[in-house]
Amino acid sequence: MKIHAYIQSMKGQATTLSELLRVHNWAATEKYFGLYAYATQSGAVTFDLAFGGDFWSDVPSRWLFGIDYGRTQPQALRYIMGKPNTEVRIHDGAWVVSNDGFLPRQDFHMKTSFLTNQSEVRFGMVAGSGNFSSNGLRHSLECGASFRTQVEKEYNGTFRSAFTAANSLWDDATPVDEIIEIYDQRWKVSQAKFTETSNEPDPNFDDVEAFWIEAGYVTRNRGPSKPGNQIDMPRGMNRYFGFTAPEDLPVNSVIGPVTFESPSGNIVSNNLRLGNNMMEKISLPIPEQHGFDMYDGKVLVFSLSNGRFRMWALEAAEFDSAFGHRLGAVRSMGSGRRYGYIK
């Protein structure tokens, strides 16, 4: 039995994602079974970027997620559902989706994956504190351990019972197809509770010190194996950045330069411009070079300081905890992505 414990995000240590990849490569996985308390769009994209298309086409995978308290993003479920060879179920999903606030009758806190190859008698397991988000998989401080063995007796004496129990949870779970539409609908209603009507007065942009926008899915403009860094924003977003772009501005025009201060302390300047689709576009600091893991599914927060815009890329739950009580004039784009300022 090989066991490897780690503390994620500390120098010289593995991450949940790197351990999953290591065990997957060792096992030559024939079947994958992941169980996670919640899933975010950033987690789904992070896993996809790391494992690549061959994983989905070659390895049948099962995914058991929780939707307790609405922490799982429907976009994440749809992302995984859209991949080949996948089955997705929701722990106690029929019950949880019917309750206000998606309250569970028993919290589902699983954070583990089983990677098995019966043909070559290889069994692997990765368990830890990290959830199926980009932070949980590789960015935030988490602890965990991986287990692998080619000796069936060792497997039987260690984590086979956990695998059997996990399969029982799977058997009792709700197929995602049965509830995804109602969950998506009710989740959006819960998220839209702060969204104002279109006749809400615009703020005094000169007095806005912090503002935000949901990134949604970010096009992989840097190639299929790298997270994207270019986002579309609604017309008028330039005012938050201190510009006053005219309504008759021609497409493909530069609105002005925006200087970002990233978590790494680096300074990056890129032009805000009006695109062919009549949306305002900006290239953000390249994630892996400037202290971000990715932008997909994150809420981007900008705060003006000494002529620069400090940036954060937060999971939706983190954003709600930090700023949910301070949101002003929240608006929604046609795609459903929200944006606004922070009081």
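Since every read-out is calculated from the coordinates, none of them should be taken as a lab result. Predicted model only: the values in this text are computed from it and were never measured. Cβ placement follows ideal geometry from the backbone for every residue including glycine, while neighbour counts extend to all protein chains displayed.
Observations on the structure shown:
- Farthest positive-ward along the chain dipole, Cα basis, beta-carbon charges - from Phe309, Trp26, Val218: Trp26
- Dipole in debye (nearest 20) - region 277-325, about Cα centre, beta carbon charges: Lys, Arg +1; Asp, Glu -1: 300
- Ala215 sits among other residues whose Cβ lies under 9 Å from its own Cβ, and their net charge, with Lys and Arg +1 and Asp and Glu -1, is 0.
- Exceeding the 28 Å Cα-Cα cut-off - candidates Lys111/Lys153; Lys31/Lys298; Lys2/Lys111: Lys31/Lys298
- Nearest-20 debye value, the chain charge dipole, Cβ charges on Lys, Arg, Asp, Glu: 640
- Relative contact order computed over the chain (Cα-Cα under 8 Å; 6+ residues apart), in percent: 17
- Its Cα centre serving as origin, region 196-342 has a Cβ charge dipole (Lys and Arg +1, Asp and Glu -1) of approximately 440 debye.
- Neighbour net charge for His91 - beta-carbon separation under 9 angstrom, K R +1, D E -1: -2
- Rounded if a/c under 1.5, otherwise prolate or oblate - region 196-342, Cα gyration tensor axes: rounded
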